[in-house]
1. Quickly work out the residue 98-to-residue 755 label distance, labels modelled 7 Å from Cα along the C-beta direction, and quote it in nm with one decimal.
2. So how exposed is residue 432, as accessible area in Å² (1.4 Å probe, rounded to 10)?
3. Would you mind computing, in nm to one decimal, how far apart the modelled labels at residue 771 and residue 642 are, each placed 7 Å from Cα along Cα→Cβ?
4. Please give the FRET efficiency for residue 537 paired with residue 447, using the beta carbon to beta carbon distance and R0 = 60 Å, rounded to the nearest 0.05.
5. Could you give me the ³J(HN,Hα) list for the stretch 200-215, computed from phi with Karplus coefficients 6.51, -1.76, 1.60 and θ = phi - 60°, whole Hz, x at Gly and Pro?
6. On full extension of the chain, what length is gained from residue 145 through residue 367, given 0.36 nm per residue of separation minus the C-alpha to C-alpha distance?
7. Where only protein heavy atoms count, and the probe is 1.4 Å, what is the accessible area per residue for the stretch 482-561 in Å²?
8. How much accessible area does residue 671 have with a 1.4 Å probe, in Å² rounded to the nearest 10?
Amino acid sequence: MAYLDQRVYKKQDVAWLIWIIQQYQLNIPQNQSLCNYGSIVVFTCGTSNGVYGITRIDTSAYISGVYPTTPPSLVTFYFPVLTFCKITGLVQTVSNPSLNILDRLRNLPSVVSIEINEGSCKSIPNDFPFGLSKLEILRIGSPIESAPTFFNNSASIRTMTLVANGSLNIGETINMPSLNYFGLTLMVQSTYSMTMTKRSFPKMSNLIVASTTNSLIRVRVESMPYINLLSPSSNALYDLTVVDPSSVIGLTIYETRSTFSPSSLDVYPNIERIAIVKSNLSQYPWTTFPPKLFGFDFSRSNFSSIPNITLPSTIESVVFTQCGIKGEIPWNIFDNLGTFSLNLNQNPLLTGVVPSTMCKINSLQILNTGITGAPNCFLCYDGDSFHFSKTFPTPAGFICNITIDQYSLSTFGGTANITGDSIGFGGVSNQVYRLEPLVPNSNIAIYLQNPTAFYYGKQVNVSLSSIIPRYTYTFTFTEVGVVWANETILQATNSTSFTLFFHVLSPMLVHSVTINSNIPCLNVTQLSQKITCQTNYSLSTGSYNLTISNVYGSNQKTIFYSQRYPSVSSVSISTNQIDKSYRVLIYGNFGSLGQANPSVSINSTTPCNIESISETLIQCNITSIGNRYGPATLTILVDGAYYTNTNSLFFTPPPIEPSPDFKKQCEQQTHNCNSNGVCNDLGSCQCNIGFNQNDNCLTKYINDTIPIETNQTSPVTKFDIEGVQFMFEMYSIQELGVDGETVVTELFTKDWISSIEKNGELTTANYTLQISDDNITTPQPNVTATISFSSKQRDFTFGNQSFTLAPNTIKVTVGIDNWAFQKYYLKTTINKNEIVGRDCQLETVDSFLYDSLGNTIQYLKVIKDGIQFTGRFIDYVLSDGRQSYSKTQIVTSNSNNNNSTTDESIAFIGINMPQCQSCVIDPDFTPLLVDNKNSLNGCDSESQSNTWKIIVGSCVGGAIFLSLVCALAYYLKKSNHIKLKVAQLSLKLKKLKRNN
């Protein structure tokens, strides 16, 4: 239904507006023509989301008529597109004061602001604001006598001002989670108390209370940045208690009898402004100046003199009005201050002469004092009361001597400094220029509004004062500066080309460009507001300082350049079994400029002879690598640009030959496969049925069905094993700085679209992240997660390999499309001495299991109360659909001082990835039971551990990498709960930008 449709008006629609017209006696037609009627529009109509209706009601500028008609008996209004309602101002007459308009302001789904100041609004309905889900601003100027539910715990109101002549119940039972600003005028006739807790008002930052009576007002706040207790009628009485004084930034309190606790500002370390007005103070309420204080006001206090204590340089405002100060001021206490204001008005016993050292002040107020003189810098501007006011007469025959050092000035981006003596306080602004004081009277900054108009020099008449027009002088300004706009950087063959754009760039001057102070940008061409140049070699990915210079100076800008190519998405290696040579297929981006002078090398010494090269594929051959098996460094040179990666290649060693020595070694190291299997001649365990070969038959699979919970709204999976809980969840996406720790942008992975399917014993949950964060640039990435589990053994394929999952294994697949990245980091907390019992002795168990070359982590283990939680990391990822080697490694390890035990350390696990546009990792996590039948039976229980043996922690990224956080858990000492999270899919700062 279209409300107040321009073609069809409904009788009921107009009736709601007629009620307002009649209740407030408005001289407006009581028919369909009321929309947008008259020169002062009360009812504004418009269209919102396809609905035409009343969007705004505002009577603030309208004078009531004389239509004492009783309005109809309407229960509620319905204005579906109303956003603003203001019934206040000149509306003084209410036809029926017993009809409270707040009873009718219900179910207004679009309203954001309501302001009421009229005679009928004396109480707040119990259910107000019912149906006002978007209401953010509420101002009620009518005296409120009661508010039983105090706005019904509104979750949307952010700003609220009230007038109350009855007691409002503001206590710990209230919950207004969005309220930020609260202004309360009290007209109560008896003692009144209010309490504002952090739990009830978590976002409150500004409290203003104004009492118009002499009743005691007790105010208790837990945490509040700005507190203002005012006295409009000069007889208020406050008793303020601040639970957390460190939260206070600004404090104002009035009246002699008022008190606040704590009363010493020494315990207010973050306070910036303090005003204690009409008090008994005669000395500063602190022993040392608060470190962040920049303004204080002790007006109408009992200071007989200004304390002879040097003020700290942070002070910008000092007020001692009407204090009864006698004698001369110790002017030297202001020596440390820069530009500040000083108000000493209404101190008739104050004597002396203002010294010239005070010319740096921005405002000096000495009205109705006994001071008899001031320097030329102030007397010149007598009449500009904002900056200077006095009582003593200006000396007869006074001549203002203004000195200007230079009338011809060069501007840099439209800015120059006018220097001299007695040149005023700035503050002048017009369409040509703006004046701001750097040091009043001696150094004034001028900002020209259109710097490009001054390339060839131009005269301007500059007024030093907006109050005294005769202080006008003619200056000549010439623009010589550089103001950056943006830049385009393109990769070229054996060079990098720059196109630099500027808001300000003088065509009269020759400019040069350098990179990092030592790389010249050659072939400079300047045209209008643009410069083009190029380097004589290709720049690599990184941050660079661009400097543009001319004879007058230079300007610098830090830019980030991302080399577009060469980049590698995946590498495939095949072995010629006859001559043991290798054929290498390298997929990626190798440029569209012809791939000039390409080369490929392994470990910087072994050439890979190129057979063919295209924009997306290099095919090359390696004759031999000797015995250098394992990961290798790949270096590619194309068009003068380099690509190097230490973890994109892996040469698999040949299989070992069986030997009895290997079998004997296995039997000694594994205690005959922990009595749950046998060693073979290859040195590995062949486990009995049901035991796990990956840890030498120490653990066995759990074949019973484990209760597993799957979250319908986000990738959270929880299951319980003999009272020990594990939880796995997605957490957030972070963009990290080049230090690998600073979080530049964080996107919490809260909004998901999910589908959960059950097929017999198999449960599969698919999640797609919904991204609405403005900090994530387009095109937005596609982040998916799939969690599957089954109580039965199952097989799966990842790439071109097949794997078997043990019963109750959680398989996690995380995919990111449209983000290029290189490394996936996982931070873990490990115990340095993981142990299990064997024959009443404790033996170390490795937290990390490596491959045969000791290069990449294959397994990560958590042990608690005989339960082992094993994470498997496959040594490759899917990069743009192709299988590519992925090295998993401990990046750093250090002591963890936060835990109570010294047997723990923090480790970072890195999963290296190529620069793919579509990347998939596929770890899995399996619960196992530690076989203790031959180990701890009958042993002292003190030898069993009550702590987790490995704790997977939060995730961070590397200096240039996007990192996926795979599995993390909180350390819980002596607890049966552990959380495992897929958290912080962290996007590298140096993401690959496409330069078009």
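The values are calculated or read from the model by the stated rules, or taken from the named source; none is laboratory data. From a predicted model like this one, the values you see are computed outputs, not experimental measurements. Here the Cβ positions follow ideal geometry from the backbone for every residue, glycine too, while neighbour counts run over all protein chains shown. The area values use the complete protein model at the heavy-atom level, side chains included, leaving out ligands, DNA and RNA. Shrake-Rupley method; radii C 1.70, N 1.55, O 1.52, S 1.80 Å.
1. Each label point is offset 7 Å from its Cα along the Cβ direction, giving 6.2 nm.
2. 70
3. Taking the simple label geometry, residue 771 and residue 642 are separated by 3.2 nm.
4. 0.90
5. These are the phi-based 3J(HN,Hα) values: 6, 10, x, 10, 5, 10, 9, 10, 10, 10, 10, 9, 9, 10, 9, 5 Hz.
6. 75.6 nm
7. Values: 3810 Å² over 80 residues.
The answer is 48 Å² per residue.
8. Answer for residue 671: close to 80 Å² accessible.
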